[in-house]
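Before any comments, here is the structure.
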Amino acid sequence: MISAATSIENVVFDVVAALRVPVLIAALLALAVVVLELGSLTAELVRRRRRNATSLERAATTARQAVAAQDRPGAAVALRATAASRRIEDALVAIVNALGGPRSENQISKRLADFDLGSIRRLERTRMLVRAGPALGLMGTLIPLTPALDGLARGDTQSLSDNLRTAFSITVLGLMVGAIAFGISLVRDRLYAQDLSDLEFVVVTLTDEEAAA
């Protein structure tokens, strides 16, 4: 019985030891991804510097007048000038093209829903890192503790020092990934909510004119 338990423990130890390198690599990959996401967020913020409610209202009014004059390309051009991303631009063009159709209301509603779902998918990357970063940090902390304690028992202070250094470093790395990803998620959640609000404002502006016609 004792031998069987020992064998199972050895298997568990071997599995955990085998996870050491993959966990360290995964933590480094998570850091690389969050750095890329931070750069992408910075670019998004720069593109949104020109956004303001006045310019959006002016563009929506111009587009409404163009739609009333049956000038859909002109309406699309007016709205594109306010787009902070390609996703918003595509959504605006699709909304303009759907106006006046037999199922325009359904098509516009579907386009808005698809835009919202696309924003959620975009947020999933960093939201996963919010949980994955600390989890990888915890795993990277606990895995080296076994060889560290083994080195302590054998009086091998060098092994103890190396493993503890790895454990503490990966802890800091995982927490940093989670913190940065959390901040990115918060900012993007606000940005994408604003984007959806802008699209809904454009839709209301255009469809009000359509109904009045």
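Only one of T171, T205 is modelled with pLDDT under 90, surrounded by fewer than 21 Cβ atoms within 10 Å (Cβ to Cβ) and either β-branched (V, I, T) or under 30 Å from G100 (Cβ atoms) (or both). Can you tell me which?
T205
Within segment 56-77, identify whether any single residue is under 25 Å from the mean Cα position of the chain (by Cα) and modelled with pLDDT of 85 or more, and answer yes or no.
No, segment 56-77 contains no residue that is under 25 Å from the mean Cα position of the chain (by Cα) and modelled with pLDDT of 85 or more.
Taking segment 94-111 on its own, how many of its residues are in a helix (DSSP H, G or I), touching a Lys or Arg at 6+ places or on another chain (Cβ under 9 Å) and surrounded by 19 or more Cβ atoms within 10 Å (Cβ to Cβ)?
3
Determine whether L164 is assigned to a helix (DSSP H, G or I) and over 28 Å from the mean Cα position of the chain (by Cα).
So L164 fits the description; yes.
Quick one: E37 ticks every box in (1) among the charged types (D, E, K, R); (2) touching a residue at least 40 places away in the same chain (Cβ under 8 Å); (3) under 19 Å from S197 (Cβ atoms) bar one, so which box is it?
Tallying (1) among the charged types (D, E, K, R); (2) touching a residue at least 40 places away in the same chain (Cβ under 8 Å); (3) under 19 Å from S197 (Cβ atoms), E37 fails exactly one: (3).
Just name the residue that is surrounded by the most Cβ atoms within 10 Å (Cβ to Cβ) out of those in segment 141-161 that are of a type in the set (D, E, K, R) and assigned to a helix (DSSP H, G or I).
Only one residue fits best here, namely D150.
State the number of residues belonging to segment 5-27 that are in contact (Cβ under 8 Å) with a residue 60 or more places away in the chain and not small (G, A, S). Working first, answer last.
Start the filter on segment 5-27 by keeping residues that are in contact (Cβ under 8 Å) with a residue 60 or more places away in the chain, which leaves 13, 16-17, 19-20, 23-24, 26-27.
Adding the requirement that they be not small (G, A, S) leaves 13, 16, 19-20, 23-24.
Of the residues in segment 5-27, 6 are in contact (Cβ under 8 Å) with a residue 60 or more places away in the chain and not small (G, A, S).
The values are calculated or read from the model by the stated rules, or taken from the named source; none is laboratory data. Given the structure is predicted, the values throughout are model-derived calculations rather than measurements. For neighbour counting, all protein chains shown are included, and Cβ atoms are generated from backbone atoms with ideal geometry for every residue, glycine included.
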